[in-house]
Amino acid sequence: MIRIVIAEDQKMLLGAFGSLLNLEDDMEVVGKAENGDQAVALVKKFKPDICIMDIEMPGKSGLEAAEELKGYDCKVIILTTFARSGYFQRAVKAGVSGYLLKDSPSEELAASIRSVMEGRRIYAPELMDDVYAEENPLTDREKEVLELVADGKNTKEIAEQLKIKAGTVRNYISIILDKLEVKNRIEAITQSKEKGWFK
């Protein structure tokens, strides 16, 4: 019997996935979570074979939970609406065994679970096309500056932390905005988060 924990913040979907998988002769849903924190707790408690995880959930996201569960004897399958290459790359780094989209047919989910149990990795084909398409154009120093901006630091604080002049920080920020083709710092942060470029 394949023991499964499902993490999904939309209650109706959580119930539907649970019912669908429980109909399979070789599967049993042993726990349902509504956020990443609950998912991690249920995996530690029930030690399931598989954890099916949504990405965008309140509190800890599915990706953060997957990163935390790396090294546990539980395979993680991400099931999400988002075909974003940044999310996918981060999921792969976290060692997930599958990354499927919610608009896939329901029988595909059960088949994917069985494949993952056999040691295969299953990724939605539409993600494979653009996974290597978008590399982060920023240098390590520019990434560092943008991450400090995202942490809420102002120009003076960034300059002090990196031991450079405030003018140099401003130069870095304008280069970052140019490279990312965005108008302001907020857009730069949003884009970097969406593409999974932040650590």
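The values are calculated or read from the model by the stated rules, or taken from the named source; none is laboratory data. As the structure is a prediction and not an experimental result, all values here were calculated from the model. Every residue, glycine among them, receives a Cβ derived from its backbone with ideal geometry; neighbour counts consider all protein chains shown. Heavy atoms of the whole protein, side chains included, go into the accessibility calculation; ligands, DNA and RNA do not. Shrake-Rupley method; radii C 1.70, N 1.55, O 1.52, S 1.80 Å.
For this structure, a couple of remarks:
- Residue among E194, E126, E134, E187 that alone is at pLDDT 90 or above and not β-branched (V, I, T): E187
- Residue satisfying all of: in the range 184-199; outside any loop (DSSP other than H, G, I, E, B) and open to solvent by 60 Å² or more (accessible area, probe 1.4 Å); nearest to Y87 (Cα to Cα) among these: E194
- Residues (touching an Asp or Glu at 6+ places or on another chain (Cβ under 9 Å), outside any loop (DSSP other than H, G, I, E, B) and open to solvent by less than 30 Å² (accessible area, probe 1.4 Å)) located in the range 64-85: A65, I78, L79, T80, S85
- Number of residues in the range 141-161 that are part of a helix (DSSP H, G or I) and either of a type in the set (A, V, I, L, M, F, W, C) or open to solvent by 60 Å² or more (accessible area, probe 1.4 Å) (or both): the value is 14.
- Hits in the range 103-116 (condition: under 14 Å from I77 (Cβ atoms), open to solvent by 60 Å² or more (accessible area, probe 1.4 Å) and either without any contact (Cβ under 8 Å) to a residue 40 or more places away in the chain or touching a Ser or Thr at 6+ places or on another chain (Cβ under 9 Å) (or both)): E108
- Selection within the range 44-57 - touching a helix residue (DSSP H, G or I) at 6+ places or on another chain (Cβ under 6 Å) and without any contact (Cβ under 8 Å) to a residue 40 or more places away in the chain: I55
- Being over 10 Å from the mean Cα position of the chain (by Cα), touching a residue at least 24 places away in the same chain (Cβ under 8 Å), over 30 Å from S192 (Cα atoms) and in a strand (DSSP E or B) is not true of E24.
- Index of the failed condition, F46 passing every other in (1) surrounded by fewer than 19 Cβ atoms within 10 Å (Cβ to Cβ); (2) modelled with pLDDT of 90 or more; (3) over 28 Å from D25 (Cβ atoms): (3)
- Residues that are part of a loop (DSSP other than H, G, I, E, B) and under 23 Å from R114 (Cβ atoms), drawn from the range 27-54: K47, P48, D49, D54
- Boolean, E56 is modelled with pLDDT under 95 and either closer than 27 Å to R84 by Cα or under 16 Å from the mean Cα position of the chain (by Cα) (or both): yes
- The single condition among (1) open to solvent by less than 10 Å² (accessible area, probe 1.4 Å); (2) at pLDDT 95 or above that F88 does not satisfy is (2).
- Filter result (free of Cβ contacts under 8 Å to residues at least 12 places away in the same chain and either open to solvent by 60 Å² or more (accessible area, probe 1.4 Å) or in a helix (DSSP H, G or I) (or both)) within the range 173-183: S174, L177, D178, E181, K183
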